[in-house]
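Engineer: Here you go, one structure.
The values are calculated or read from the model by the stated rules, or taken from the named source; none is laboratory data. All figures in this text were calculated on a predicted structure; none of them were measured in a lab. Cβ coordinates were reconstructed from backbone atoms using ideal geometry, including for glycine residues, and neighbour counts include every protein chain displayed. The accessibility values were calculated without ligands, DNA or RNA, using every heavy atom of the protein model including side chains. Shrake-Rupley method; radii C 1.70, N 1.55, O 1.52, S 1.80 Å.
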Amino acid sequence: MKPDLHIVGAGLTGLTAAIEAAERGRRVSVAEAHSRPGGRARTPAAPYRANLGTHAIYVDGPWWAWLERRGLTPPIVEAPPHASLVRAGGRLGPWPAELSQAIAALPAEAPAAESLRAWLLRHVDARTAEAIVGVVFIFTFDHDPGRLSAAFAHQRLRRALAGGVRYVIGGWSTLVDLLAERATGLGAQLRTRTRVPAVPEGPTILATSLATARGLTGDRSLTWPSARVTTVDLGLRADGGPDWFRVLDVDDRIYAARYSLADPTLAPPGHELIQISAACAPGERKADAERRVRHLLDESWPGWRAAVQWYRSAVRTDCTGAIDLPGTTWHDRPAIGRGNDLTVATDQSAAPGLLAEVGISAAQLALQHLDEASTSTGAHVRV
Ligand SMILES: Cc1cc2nc3c(=O)[nH]c(=O)nc-3n(C[C@H](O)[C@H](O)[C@H](O)COP(=O)(O)OP(=O)(O)OC[C@H]3O[C@@H](n4cnc5c(N)ncnc54)[C@H](O)[C@@H]3O)c2cc1C
């Protein structure tokens, strides 16, 4: 049967859109360029199951509730109670309790018009302000989170520290497989290895990155700031390693997490999987970011170099979701509806949420837009 909704991209956003659209009675066709669905939520096969992008899933968020309603929640695990280390002022030590207390004591609301740094300096001393800015790196990936809108950074800080962070057991492909299976079970056609060269005719959701949607549509207004980050993934022999689960370098904006400590299925027995993000300022070379990462590992994991079994690194630009600068909020990002039949639902679109959740709420807003458009034009929609 001819589809009445085209979805381009089978990442988390496209798969969520496919499920919800099929539930509403639409005949859905999903085209995915890669050989497997998942996009940035793909996890490679063993031996080291290093997630490409997504790590944390937020069980206090709207997407988790959406998954729960459909019986689609994947098996998850909390961060283990192992040490969290912080490097601040050039010294590596345990996560300072004063930092958590200072964050908890901040006002409940922060202004969108002011930068995070300027706002923090009105509430805490300069050293604590820079430490909080360093914490905000973990979930904004920005090289200088102090420059971001205070409201944007503060809402995410609250969410990230509220205790809702979990990790998907087996890597995010576990969840991707559940979503793909449900979408096809509801009748959606999922075609992998199918790169769409131009915007399809008829109702469409472009569920790609914002940059790809810009290329497909030729619409240069499809742009919004995002971060630049160098990622380093490491498979290590574990013998004699230290006891930490994560290390945050607030001076150098690096975050390292030993995900195999939370989920041992991610690495072979006796091995560890560590995934590291290092902020990359505009123009900073990958080699220089990797040098900073190696320096942090030398301090936090003596002997790591001799234990390396697998190493992968990349610079990721515009891959970590939207960031809002002072004076802007998510409402100012590129609109989802681009005319009657075309919608663009990405993690840099005008939708609320944290990281991947933005794409997912964008998918729901896209379906709402298409439903309203077809109602106003009298087009037939089976609901
Ligand atoms: C290092 C890093 C860490 C992250 N950590 C987290 C985290 O901890 N928690 C979190 O929630 N989020 C995190 N994110 C963000 C998260 O990965 C993304 O927000 C989310 O995966 C985006 O999903 P998506 O479906 O919108 O886009 P994508 O995953 O990019 O999916 C788009 C799909 O479209 C396909 N495609 C592109 N062009 C075409 C075409 N022409 N034809 C057909 N198909 C096409 C692509 O192959 C891809 O599969 C992180 C990202 C990175 C890079």
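Engineer: Considering each residue of the range 335-369, count those that are touching a helix residue (DSSP H, G or I) at 6+ places or on another chain (Cβ under 8 Å) and in a helix (DSSP H, G or I), and give that number.
Structural biologist: Residues meeting the conditions: 11.
Engineer: Name the strands (runs of 3 or more DSSP E) wholly within the range 239-331 that hold at least 3 residues that are open to solvent by 10 Å² or more (accessible area, probe 1.4 Å) and not polar (S, T, N, Q)?
Structural biologist: The strands (runs of 3 or more DSSP E) meeting that bar are 308-322.
Engineer: Just to check your reading of the model, which residue among Ile323, Ile336 is free of Cβ contacts under 8 Å to residues at least 40 places away in the same chain and either within 19 Å of the chain's Cα centre (by Cα) or within 15 Å of the ligand (Cβ to nearest atom) (or both)?
Structural biologist: Of the residues listed, the single one that is free of Cβ contacts under 8 Å to residues at least 40 places away in the same chain and either within 19 Å of the chain's Cα centre (by Cα) or within 15 Å of the ligand (Cβ to nearest atom) (or both) is Ile336.
Engineer: Among the residues of the range 14-42, which ones are out of contact with any strand residue (DSSP E or B) (no Cβ under 8 Å at 6 or more places or on another chain) and either closer than 13 Å to Ser209 by Cα or hydroxyl-bearing (Ser, Thr, Tyr) (or both)?
Structural biologist: Residues satisfying the conditions are Thr16, Ala33, Ser35.
Engineer: Also: Within the range 174-187, work out how many residues are over 10 Å from Leu72 (Cβ atoms), in contact (Cβ under 8 Å) with a residue 60 or more places away in the chain and open to solvent by 10 Å² or more (accessible area, probe 1.4 Å).
Structural biologist: 4
Engineer: Scan the range 159-173 for residues that are surrounded by fewer than 18 Cβ atoms within 10 Å (Cβ to Cβ) and at pLDDT 95 or above and jot them down.
Structural biologist: Ile169, Gly170
Engineer: Hey, can you tell me all the residues within the range 83-103 that are open to solvent by 50 Å² or more (accessible area, probe 1.4 Å) and basic (Lys, Arg)?
Structural biologist: If the condition is that a residue be open to solvent by 50 Å² or more (accessible area, probe 1.4 Å) and basic (Lys, Arg), then Arg91 is the only one that fits.
Engineer: Hey, does the range 366-380 have a residue that's open to solvent by less than 60 Å² (accessible area, probe 1.4 Å) and within 16 Å of the ligand (Cβ to nearest atom)?
Structural biologist: yes
Engineer: Of the residues Gly39, Gly71, only one is in the same structural domain as Ala207 (by TED's automatic domain parsing), modelled with pLDDT of 95 or more and either away from the ligand (no atom under 12 Å from the Cβ) or farther than 29 Å from Gly270 by Cα (or both); which?
Structural biologist: When all the criteria are applied, what remains is Gly39.
Engineer: How many residues are of a type in the set (Asp, Glu) and either within 16 Å of the ligand (Cβ to nearest atom) or in contact with a Pro (Cβ under 9 Å, 6 or more places away or on another chain) (or both) when one looks only at the range 48-68?
Structural biologist: Matching residues across the range 48-68 total 1.
Engineer: Where residues in the range 192-238 are farther than 20 Å from Asp4 by Cα, in a loop (DSSP other than H, G, I, E, B) and within 11 Å of the ligand (Cβ to nearest atom), which of them is most open to solvent (accessible area, probe 1.4 Å)?
Structural biologist: Among those that are farther than 20 Å from Asp4 by Cα, in a loop (DSSP other than H, G, I, E, B) and within 11 Å of the ligand (Cβ to nearest atom), it is Arg193.
Engineer: In the range 160-183, how many residues are out of contact with any Pro (no Cβ under 8 Å at 6 or more places or on another chain) and part of a strand (DSSP E or B)?
Structural biologist: 3
Engineer: Taking the range 339-354, which residues are in contact (Cβ under 8 Å) with a residue 24 or more places away in the chain, surrounded by fewer than 24 Cβ atoms within 10 Å (Cβ to Cβ) and closer than 18 Å to Ala112 by Cα?
Structural biologist: Selection gives Gly353, Leu354.
Engineer: Still on this structure, I have one more. Any residue at all in the range 149-159 that is within 16 Å of the ligand (Cβ to nearest atom), assigned to a loop (DSSP other than H, G, I, E, B) and within 30 Å of Pro75 (Cα to Cα)?
Structural biologist: Scanning the range 149-159 turns up no residue that is within 16 Å of the ligand (Cβ to nearest atom), assigned to a loop (DSSP other than H, G, I, E, B) and within 30 Å of Pro75 (Cα to Cα).
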